[in-house]
Amino acid sequence: MAFTRRLLVHDTPSAHRRHPLLTLGSLALLAGMGCSDADAGTGSGGDDTGGAASLTGGAPGTTTGGVGNTGGFSTGGMGNLGGAGPGSGGIVGTGGDLGTGGDTQEEVTCPLPTEFRWTSSGPLAEPAQNGWYALKDFSVTRYGEKYIVYGTVANGAWNGFFSTFGSFDEWKTAEQHYHGGHVAPTIFYFTPKDVWVLAYQWGFQYKTTKTPDVWNSWSSGSSLMNYNPDPTEGRGTGPIDQTIICDDTDCYLFFNDDAGGVYRASMPIENFPGQFEGAQRIMDQPTSIIFEGIQVYSIKGSDKYLMIIENNGRRAFRAWTADRLDGEWTPLPGADTTEKPFAGEHNVTWPDGKWTTDISHGDIVRENPSEKMEIDPCHLQMVYQGKQDVPNTPYDQLAYRPGLLTLVR
């Protein structure tokens, strides 16, 4: 998002039933009565059945192993009691063996496409309050059984909001909680310390909580980055649109400057959350290629990372990949030009009617909320901000609305 620059101050086997211990006399009595009884064993992970015993004494129970990671656990069939004539007691069937484990099903993974094509929803929500011009700059992930999204509201100033909902179709009726000056946010769950982290601007800061759906549960803000010296050296807006991602050993801060730059800083994961030091410019391109809205993800089923950045002009995203978060980022073929972007007007269709020419600041939907920022190429969706073109409208009054892209595979 573009802004004018401001002063930076601030699972068990089933409980199988056992027959009561029967004396031989009891068995004989039952046999004389013509009674029979066989119990089917049950097991976790499969349909495990004990073998039925014959009338002249129980044959060993049989069992089928469960399908899945755990073999079925079964009880042997209880022999049908009673023999050829009254008083001849049947012999109790022997217990079935443990079921053998089924084959483990491999998890399906998908590579990134060689060319991206998306369909888009219409606008998912409208600003809930009078004087709110826009909903924008989204960060979205799972929180329990719901999605939680944090974003920016334009209301004559820049402020924050959040909503929770079960499906994206429900966003339009979800409550929009005003959240003060938390602009261009990033939200995720930091596993090592069992806390949720919200990073935001101006002046990169962070807060923590155990309950991200309770607006007043967040801690006080703390500095996310040392600005002395200014890593952008006064370029563009200065540091803008931060995002955070961690691997097993380190956490990384990435951000833009609205002047074509990409910056990176890191710290040992045991020190996070905390203040990043020594950010360095790692990429520099014209703003028609690199502008703002940077996001960085780990790719499920892969050892690679994906970076997407919005370009200026007709807004669209291009993509880069790397083998390491501290490594070199290279353009992703099929997602690095105006005609073939990661996501833009040229590779998005609108089944319900085109409502925007911009695919702007948003977030790939993260089903896993952890600090590794994992995305699944088998099921890619992206929440973005779009708008209708209204000439001569100030940027802070542009009517941005959330839309949802779904990858066509």
(message) For the list (1) buried (at least 21 other Cβ atoms within 10 Å of the Cβ); (2) closer than 18 Å to GLU292 by Cβ, I need the number of the one condition that ARG235 fails.
(response) (1)
(request) Could you list all residues from the range 373-386 that are over 10 Å from the mean Cα position of the chain (by Cα) and surrounded by fewer than 22 Cβ atoms within 10 Å (Cβ to Cβ)? (result) PRO377, CYS378, HIS379, LEU380, GLN381
(request) Inspect the range 188-195 for any residue being surrounded by 17 or more Cβ atoms within 10 Å (Cβ to Cβ) and either within 19 Å of ARG324 (Cα to Cα) or not aromatic (Phe, Trp, Tyr) (or both) and give the result as yes or no. (result) no
(message) Can you report the number of residues in the range 146-179 which are surrounded by fewer than 18 Cβ atoms within 10 Å (Cβ to Cβ) and among the small types (Gly, Ala, Ser)?
(response) 4
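Values quoted throughout were computed directly from the atomic coordinates according to the rules given, and no laboratory measurement underlies them. Note that the coordinates shown come from a computational prediction; the quantities given were computed from them, not determined experimentally. Because the Cβ atoms are built from the backbone with ideal geometry, glycine has one as well, and the counts that use them run over all protein chains shown.
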